[in-house]
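Step one of this worksheet: look at the structure below.
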Amino acid sequence: MDVRVRYFASLAERVGRPAETLQVRPGTDVDGLWRMLVERHPSFATLGFRPLVALDMTYADWKQPLNGVREVAFLPPVSGG
Amino acid sequence: MIGLQADPIRVERLLAAVSGDDCGAVALFLGTVREHNAGRRVQHLEYHAYEEMAVAELEKLALGVSERFAVSRVALVHRTGRLAVGEISVAVAVAAAHRQAAIDACRWTIDTLKRTVPIWKKEFFEGGEVWIEGAGRPGE
């Protein structure tokens, strides 16, 4: 299944673009997706923080499956205000 | 009045949005860009947002404050884009019948906003630039 991945702030800078679309096997969870992304983007190895994740704009935990999710966003710890 | 904007924040508009004859107190918080941070001299900031989600989180926040405190109206506005030192980055205005609720709600709102809303600040200082990373996680 296709899933759209979005990056923000320092993560987007590391990837070099704000989004990409990936093919993932049904049953993949956030953790599984992240491991695919780390292989694809070696700069993630030196990240220095564990990103937050939002599935269709709601914060989620890493064990949540991606079935039916259209958009996954990986977010550095937020710093608004 | 809840949302993000690239234009400078007009405080009088926030106050007008929350004020009313049913309220005896209005509490206002303004976050402004400071000229120094962690030993660095700040030149300007950039605020970046996951816009659709940030607006949704601001709306959840406004609902949350009404559930927790006896307040009548809340206005929450956060700027995006480039801000100079001294500019207002975020404004929270809360109106309530009585001052305790207004003040407590205002404080809770800005504290929660800083923990949960997907906005990031990038600091440009003499000699470089750095993304500021928050300390908390939304669940905490």
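The values are calculated or read from the model by the stated rules, or taken from the named source; none is laboratory data. For clarity, every value in this text was computed on a predicted model and none was experimentally measured. For neighbour counting, all protein chains shown are included, and Cβ atoms are generated from backbone atoms with ideal geometry for every residue, glycine included. Note: accessible area is taken over every heavy atom of the protein model, side chains too, but ligands, DNA and RNA are not part of it. Shrake-Rupley method; radii C 1.70, N 1.55, O 1.52, S 1.80 Å.
Just so you know, in the range B:6-37 the residues that are in a strand (DSSP E or B) and among the aliphatic types (A, V, I, L, M) include one that is surrounded by the fewest Cβ atoms within 10 Å (Cβ to Cβ), and it is B:Leu30. Between B:Val90, B:Val85, the distinction of being surrounded by 14 or more Cβ atoms within 10 Å (Cβ to Cβ) and either closer than 19 Å to B:Ala49 by Cβ or in contact with a helix residue (DSSP H, G or I) (Cβ under 9 Å, 6 or more places away or on another chain) (or both) belongs to B:Val90 only. Restricting attention to the range A:25-35, the residues being under 15 Å from A:Val5 (Cα atoms), touching a residue at least 40 places away in the same chain (Cβ under 8 Å) and open to solvent by 20 Å² or more (accessible area, probe 1.4 Å) number 1. If the condition is being in contact with a helix residue (DSSP H, G or I) (Cβ under 6 Å, 6 or more places away or on another chain) and open to solvent by 80 Å² or more (accessible area, probe 1.4 Å), then the range A:1-19 contributes A:Arg14, A:Pro18. Scan the range B:104-127 and give yes if some residue there is open to solvent by 40 Å² or more (accessible area, probe 1.4 Å), at pLDDT 95 or above, over 19 Å from B:Arg10 (Cβ atoms) and among the aliphatic types (A, V, I, L, M), otherwise no. Checking the range B:104-127: not a single residue is open to solvent by 40 Å² or more (accessible area, probe 1.4 Å), at pLDDT 95 or above, over 19 Å from B:Arg10 (Cβ atoms) and among the aliphatic types (A, V, I, L, M). Being surrounded by 15 or more Cβ atoms within 10 Å (Cβ to Cβ), part of a helix (DSSP H, G or I), under 12 Å from the mean Cα position of the chain (by Cα) and more than 9 Å from chain B (Cβ to nearest Cβ) is a description that does not apply to A:Leu22. Say we look at the range B:62-87 and pick out the residues that are within 11 Å of chain A (Cβ to nearest Cβ) and not charged (D, E, K, R); which of these is farthest from B:Ile132 (Cα to Cα)? The qualifying residue farthest from B:Ile132 (Cα to Cα) is B:Leu76.
Considered as a group, the residues in the range B:98-140 that are over 20 Å from B:Thr32 (Cα atoms) and of a type in the set (A, V, I, L, M, F, W, C) include one that is nearest to the other protein chains (Cβ to nearest Cβ), and that residue is B:Ala102.
Restricting attention to the range A:57-78, the residues that are more than 9 Å from every other protein chain (Cβ to nearest Cβ), in a loop (DSSP other than H, G, I, E, B) and open to solvent by 50 Å² or more (accessible area, probe 1.4 Å) total 5. Name every residue in the range B:57-71 that is buried (at least 16 other Cβ atoms within 10 Å of the Cβ) and touching a strand residue (DSSP E or B) at 6+ places or on another chain (Cβ under 8 Å), in order of residue number. Across the range B:57-71, the qualifying residues are B:Leu58, B:Leu61, B:Ala62, B:Val65, B:Phe69, B:Val71. Assess whether A:Val38 counts as being more than 10 Å from chain B (Cβ to nearest Cβ) and surrounded by 18 or more Cβ atoms within 10 Å (Cβ to Cβ). So A:Val38 fails the test.
Restricting attention to the range B:82-134, which residues are more than 27 Å from A:Ala60 (Cα to Cα) and among the acidic types (Asp, Glu)? Across the range B:82-134, the qualifying residues are B:Glu87, B:Asp104, B:Glu123, B:Glu126, B:Glu129.
Within the range B:38-56, being open to solvent by 40 Å² or more (accessible area, probe 1.4 Å) and in a strand (DSSP E or B) holds for B:Arg40, B:Arg41, B:Gln43, B:Glu46, B:His48.
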